[in-house]
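Notes for the one structure printed next.
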Amino acid sequence: MGRQRKALLMASNLNAPASQAPMQTSDAVIAWLMSSDPAVRWQVMRDLSEQPDDAVARERARVAHEGWGARLLELQAPDGHWGGGAFVPRSWASTLETLVMLRLLGAEPSSAPVQRAIELVADRCTWGAEFGDSAFFEGEVEPCINGRALLCGAYFGKPSDRLAERLLGEQLADGGWNCKAPPSQRSSFHSTLCVLEGLLEYERARGPSPAVARARARAHEYLLERSLFRRLSTGEIIHPSWLLLAFPTRWRYDILRGLDYLRRAGAEPEPRLAQAVALVDGKRDPSGRWLLEQRHEGAVHFEMEDAVGLPSRWNTLRALRVLRWYSGAPMSAS
């Protein structure tokens with residue numbers, strides 16, 4: 001039976017909410033997570049093993065100088081781009097995708113290698129003649145791409161007020177966003193989450209904004225009304241692939257990405273999330289780990305996970321964070 005069909009059957013038969021008992025993570029799982037890149041280790045130290053802040057900071061500082069983070073930084077071209085352009089169809093190696101990944105790794109914006117890379121992007125990278133050669137951190141025209149451009153700019157110290165205002169003006173009546181051309185009046189989970197992640201990072205960079213907070217609250221309701229994966233009209237599952245856990249997620253939506261965003265946003269772990277949380281919880285294998293269930297095809301700089309069907313450190317880390325948040329265990333919202 002295919003993975004999508006298994007996910008569909010699991011969700012259609014789901015009727016029990018996830019447990020809200022405090023999450024316990026075995027020493028063996030923590031040790032396995034820690035036997036990885038600094039990008040994984042510092043997040044495990046902060047979110048799962050509650051190490052002192054100075055120890056976490058020391059480990060995080062390594063991301064820009066060794067392992068995956070350093071490798072990505074070294075791949076930047078003299079023109080400031082990665083992968084041949086700001087955004088390259090059917091590629092996950094473009095400038096946009098690489099900056100999103102560096103943020104996921106937790107590369108410190110203040111570190112010298114990151115600052116050099118970001119200044120090169122700001123000085124030399126554009127979206128091309130199609131978009132009037134607009135500067136990279138000012139974005140182009142599609143909300144799904146612009147949400148991620150705003151995310152990168154805000155995280156790396158280049159928040160664009162103009163881009164944030166544009167996205168606020170493009171919110172649809174149902175509360176979300178859609179990249180579809182010609183413009184659609186029905187929101188997309190993919191686009192909505194891309195914009196939400198950007199607006200959250202923008203607020204963190206610029207400080208509280210009533211307009212941004214209102215827009216995010218409306219979009220949260222759009223997701224929550226649909227239990228993160230069901231049609232509002234019928235209650236049916238919108239797409240079986242949304243129940244399969246991937247890393248990196250790229251621009252694509254899945255339930256773990258949606259839950260992890262709400263955790264970072266400080267949302268309340270309310271009952272409308274229970275089915276999505278239970279689905280994630282139910283994917284834990286007997287050893288306490290989560291698998292890589294799908295991989296989004298496209299050119300990459302290098303892989304950070306083993307093959308589909310094998311345990312995934314990234315999915316395990318993210319799932320454990322979500323379950324701790326939903327159970328009410330204290331943790332960082334970063």
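In this Cβ point-charge picture (+1 for Lys and Arg, -1 for Asp and Glu), the chain has a dipole of about 780 debye about its Cα centre.
If R0 is 25 Å, the Cβ-Cβ spacing of Arg90 and Lys180 corresponds to a FRET efficiency of close to 0.85. Extension gain, Arg218 to Glu270, is 17.1 nm, computed as 0.36 nm per intervening residue step minus the present C-alpha separation.
All other residues whose Cβ lies under 14 angstrom from that of Gln185 are scored, Lys and Arg at +1 and Asp and Glu at -1, for a net of 0. From the alpha carbon centroid of the range 247-323 to that of the range 145-176 is 24 Å. In the range 38-79, the ratio of gyration radius to Kirkwood radius, Rg to Rh, stands at 1.13 when only Cα atoms are counted. Of Ala246, Ala149, Ala215, the residue with the greatest mean-square motion in the GNM of the chain, using alpha carbon springs below 10 Å, is Ala215. Along its principal axes, the chain has C-alpha extents of 52, 46, 40 angstrom, given from the largest down. Counting neighbouring Cβ atoms within 10 Å and putting the fewest first, the residues Arg162, Arg272, Arg90 line up as Arg90, Arg162, Arg272.
Using 0.36 nm per residue and subtracting the Cα-Cα separation, the extra length available between Asp79 and Ala173 on full extension is 29.8 nm. Within the chain, which DSSP H helices have Cα atoms that stretch 20 Å or more along the helix axis and a mean Kyte-Doolittle hydropathy of at least -1.0? Result, helices passing both filters: 189-206, 210-225, 313-327. Here the simple spin-label model places points 7 Å from the Cα toward Cβ, and for Glu236 and His65 these points are separated by 5.5 nm.
This model, with +1 at the C-beta of Lys and Arg and -1 at the C-beta of Asp and Glu, gives the range 182-251 a dipole about its Cα centre of some 100 debye.
For the range 225-303, state the average projected area of the convex hull of the C-alpha atoms over all orientations, rounded to one decimal in nm². Average of the hull's projected areas for the range 225-303 equals 6.6 nm². Give a quick list of GluC sites (Glu not before Pro) in the range 197-294 that DSSP marks as loop, anything other than H, G, I, E or B, with at most 16 other Cβ atoms within 10 Å. Listed in order of number, the matching sites are Glu236.
By the count of neighbouring beta-carbon atoms within 10 Å, fewest first, Asp54, Asp254, Asp281, Asp47 end up ordered Asp54, Asp281, Asp47, Asp254.
Relative contact order of the range 155-216, taken over Cα pairs closer than 8 Å and 6 or more residues apart, is 33 percent.
Each reported figure results from applying straightforward, stated rules to the coordinates on display, with no laboratory input. In this text, all values refer to a predicted model and were calculated from it rather than measured experimentally. Cβ sites come from the backbone with ideal geometry, for glycine too, and all protein chains shown count toward neighbours.
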